[in-house]
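Only one structure is covered here, and it is reproduced in the block below.
The values are calculated or read from the model by the stated rules, or taken from the named source; none is laboratory data. Quantities reported herein were computed from a predicted structural model and do not represent experimental measurements. Every residue, glycine among them, receives a Cβ derived from its backbone with ideal geometry; neighbour counts consider all protein chains shown.
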Amino acid sequence: MSLGLVSCGGDNDTTEGASEDVPQVNMTVTDTKNSITTAEMTIPYHELLVSDGVSTSKPCLVLYLHGGTSAGNDNEKQMSEPGIDSITDYLKQQHKNAIMIVPQCPLRQYWIGPAKYVLNTLISQYVDDGKVDAKQIYIFGGSMGGTGTWGMLAAFPDLFAAAMPVAGDPSKVGEYTSKIPVLTVMGTADVLMNMQNAIDFIAQLKASGVDASIETEEGWTHEDTCKKSYTTQRLDKVFAHKKN
């Protein structure tokens, strides 16, 4: 798949020698609280609208899944994860219009459980209502959210354009047939997740022709990996993909 960067609903091309009088695009982030209720459960979420206020193209959709310690029903605890700011800052810097959904998993539930069906319903609502570009749906997550990202790929193999599970365990998600490009990050000092599981899984995906890669960080703990993985270089790789 081509790695040429897509616009994600933004007009971020520049032309050499262009007039210096061209106004700078002012990217804003609007945070709205909401919730979705299905037969499975109610999941609260934040909708972060990253916009230049000008583009008429549909924005991309970004789903971020938090780790286990952020579970609950206050619709606040999940917003403290550094990965959220890293991704929204990247979207602003790259002038990428996007809707970023940050749901909160209920206590004693897991993203790889019934919650994944609620998330799929939520994504479908955004697509069916014409609010986002269905060819540009991306998923990120760390720890429980990393495993949950693998689980969403397994359950809905053709839904996303690309994925970045961080400090997750793909061996827990069951049958996996997705061919979606995936980049995962693991820390060598992570005592909560088995890095070899991820290494072996990525090797299997690559052998079957999937654009899959793993990056390991020497000395990073589980917490380090969840906090520090969302670099510009890695996000460039993820957002470079767009479904045909």
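Show me the helices (runs of 4 or more DSSP H) found entirely inside the range 109-212 where at least 3 residues are within 30 Å of ASN34 (Cβ to Cβ). Write out each step before concluding.
Working: elements: 115-128, 144-155, 195-207.
Filter on the range 109-212 gives 115-128, 144-155.
Mind listing whichever residues of the range 68-117 are closer than 25 Å to LYS131 by Cβ, out of contact with any strand residue (DSSP E or B) (no Cβ under 9 Å at 6 or more places or on another chain), crowded, with 18+ Cβ neighbours inside 10 Å and in contact (Cβ under 8 Å) with a residue 60 or more places away in the chain?
The answer is SER86, TYR90, GLN94, HIS95.
For the range 143-170, enumerate the residues that are small (Gly, Ala, Ser) and touching a Ser or Thr at 6+ places or on another chain (Cβ under 7 Å).
Within the range 143-170, ALA154, ALA163, ALA167, GLY168 qualify.
Just name the residue that is modelled with the highest pLDDT out of those in the range 1-29 that are among the hydroxyl-bearing types (Ser, Thr, Tyr) and surrounded by 10 or more Cβ atoms within 10 Å (Cβ to Cβ).
The selected residue is THR28.
Taking the residues in the range 203-244 that are in contact with a Leu (Cβ under 9 Å, 6 or more places away or on another chain) and hydrophobic (A, V, I, L, M, F, W, C) as candidates, determine which candidate is nearest to ALA167 (Cα to Cα).
Looking at residues that are in contact with a Leu (Cβ under 9 Å, 6 or more places away or on another chain) and hydrophobic (A, V, I, L, M, F, W, C), I get ILE214.
Within the bounds of the range 145-156, is there any residue that is surrounded by fewer than 18 Cβ atoms within 10 Å (Cβ to Cβ) and at pLDDT 95 or above?
Taking every residue of the range 145-156 in turn, none turns out to be surrounded by fewer than 18 Cβ atoms within 10 Å (Cβ to Cβ) and at pLDDT 95 or above.
Please verify whether THR188 is farther than 15 Å from GLY142 by Cβ, hydroxyl-bearing (Ser, Thr, Tyr) and in contact with an Asp or Glu (Cβ under 7 Å, 6 or more places away or on another chain), treating the condition exactly as stated. Explain how you work it out, then say what you get.
Details: farther than 15 Å from GLY142 by Cβ: yes; hydroxyl-bearing (Ser, Thr, Tyr): yes; in contact with an Asp or Glu (Cβ under 7 Å, 6 or more places away or on another chain): yes.
Considered against the rule, which asks whether it is farther than 15 Å from GLY142 by Cβ, hydroxyl-bearing (Ser, Thr, Tyr) and in contact with an Asp or Glu (Cβ under 7 Å, 6 or more places away or on another chain), THR188 comes out as yes.
Which condition breaks for TYR230 when tested against (1) of a type outside the set (A, V, I, L, M, F, W, C); (2) farther than 27 Å from GLN93 by Cβ; (3) assigned to a loop (DSSP other than H, G, I, E, B)?
Single failed check for TYR230: (2).
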